[in-house]
Amino acid sequence: MILNKFTKSQGQAMIEVLVGMVTLMYLFMGFFDLVRALNLYTVLSQSSEEAVRLASMPNNAPVSRASIRQRIITLVSGAGYDTINADIDPTPTTPPLPQLRIHIHGESGARNSSAYVRVSYPFEFYYLRQVIPGIAIPTIEITAARTRSNE
C-alpha cells in the first residue's frame with residue numbers, strides 16, 4: 001500500500017514537471033522571437049535615421065536617392081538581414097513580398113523642405129514556428145519612419 005501511493009505521487013510530479021517544461025519552452029521561444037523583432041526594429045530605425053539625415057543634407061552636398069538606398073541596404077545587410085530583393089519606393093498596389101522596402105520622399109538639398117524615409121521588412125516568427133509546426137503564425141511587417149526638415 002505505501003509503495004503504491006509513492007509511485008502515484010512520483011508519476012504526478014513527473015507530469016507536472018513535463019507540463020511546466022513545455023510551457024517554459026514556449027515562453028523562451030517567444031522571448032527569442034521578440035528579441036529578434038526588437039533587433040530588426042532597431043536596425044530599421046537606425047538605417048532610416050541615417051537615410052533621412054543624408055536626404056536632408058544642405059544644398060552644397062545633395063545626395064541622390066540611389067546612394068541613400070544603397071546606404072540603407074548596406075546597414076540592413078550588415079546586420080544580417082536579406083536585402084537581395086530590396087524595393088525602393090514601392091507603389092501601393094505592390095503586393096507584400098518578403099523583402100526590404102524603402103520609401104524616400106522629398107528633395108535632397110532643397111531649402112525649407114523636409115525629407116521622409118520609411119523602411120520596412122517582413123518578420124517571421126522563426127522559433128515559434130519550429131516549436132509549433134502546425135499552427136499558422138502570420139508574418140508581420142516591421143516599419144521605421146523618420147522625417148527631418150532642411151532649413
Residues located in the range 72-113, provided they are modelled with pLDDT under 80, among the small types (Gly, Ala, Ser) and more than 16 Å from Thr143 (Cα to Cα)
Gly106, Ser108, Gly109, Ala110, Ser113
Residue selected from the range 60-71 under the condition surrounded by 11 or more Cβ atoms within 10 Å (Cβ to Cβ) and touching a Gly at 6+ places or on another chain (Cβ under 9 Å), by the criterion modelled with the lowest pLDDT:
Pro62
List every residue pair whose Cβ atoms lie under 8 Å apart, where the two residues are 6 or more positions apart in sequence or sit on different chains, the first residue falls within the range 19-47 and is touching a residue at least 12 places away in the same chain (Cβ under 8 Å), and the second residue, located anywhere, is of a type in the set (Val, Ile, Thr) and assigned to a helix (DSSP H, G or I).
Met25/Val131; Tyr26/Val131; Met29/Val131; Val43/Val76; Leu44/Val76; Ser47/Ile72; Ser47/Val76
Looking only at the range 123-150, and only at residues there that are outside any helix (DSSP H, G or I) and free of Cβ contacts under 8 Å to residues at least 12 places away in the same chain, the one that is nearest to the chain's Cα centre (by Cα)
Pro138
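The values are calculated or read from the model by the stated rules, or taken from the named source; none is laboratory data. Values in this document were obtained by computation on a predicted structure and should not be read as measured data. Every residue, glycine as well, gets a Cβ built from its backbone with ideal geometry; the counts of neighbours run over all protein chains shown.
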